[in-house]
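Here is the structure we will look at, set down as structure tokens.
Laboratory data are not the source of any read-out in this text; all were calculated from the coordinates shown. Here the structure is a predicted model, which is why all the values come from computation and not from measurement. In this analysis, Cβ positions are derived from the backbone assuming ideal geometry, glycine residues included, and neighbour counts consider all displayed protein chains.
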């Protein structure tokens, strides 16, 4: 028989705190992406409306393309994905890990495998924390960072082309 591991009294608090930090980071990323989507679609709509009322200018075209691309990247950042990744163990604490189970199967697996002792419970929580962090790094913050970069580069190029047009005339 294997000996039961001794866990520090504050281990569960450390895990819960880490889990809450990950949840907060995920919420912050979602909020930032939603703000960027809203702002860029307003800019895109104004740019398209302006181009329809007059001549198409290079600064307006750059602004519209950058706003649209940025909104697309921000949307990818918050787009849910529950397709299992090959080689990644199922996470019973995430709804995607049990969506195909019946309620009885879910409860039985939790009670008879995952939560049967303190170590299995901690392992389930650690898997959940790790997978949440992996999604934050691999998807949410990566695409959100690209969305902001594309928008800032678009704004910069729009400004440069606008100033250039002031001195040289229309570029298109």
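Worth a mention:
- Contact order normalised by residue count of segment 30-168, Cα under 8 Å, 6+ apart, percent: 36 percent
- Segment residue 157-residue 4, length gained on full extension (0.36 nm per residue, minus Cα span): 48.9 nm
- Among 101, 132, 28, the largest mean-square fluctuation in a Gaussian network model of the chain (Cα springs under 10 Å) belongs to 101.
- Cα long-axis angle, helix 118-135 against the chain (0 to 90 degrees, to the nearest 10): 10 degrees
- In terms of other Cβ atoms within 10 Å, 99, 123 run from fewest to most in the order 99, 123.
- Gain upon complete extension [residue 113, residue 95; 0.36 nm per residue less C-alpha separation]: 4.8 nm
- Cα principal axis extents for segment 30-168, largest first, Å: 74, 24, 24
- Sorting 48, 135 from the fewest to the most surrounding beta carbons within 10 angstrom yields 48, 135.
- Global form of segment 1-86, assessed from the alpha-carbon gyration tensor, a/c cut-off 1.5: prolate
- Ordering 65, 83, 163, 43 from the fewest to the most neighbouring beta carbons within 10 Å gives 83, 163, 65, 43.
- Cα centroid of segment 13-62 to Cα centroid of segment 115-172, whole Å: 10 Å
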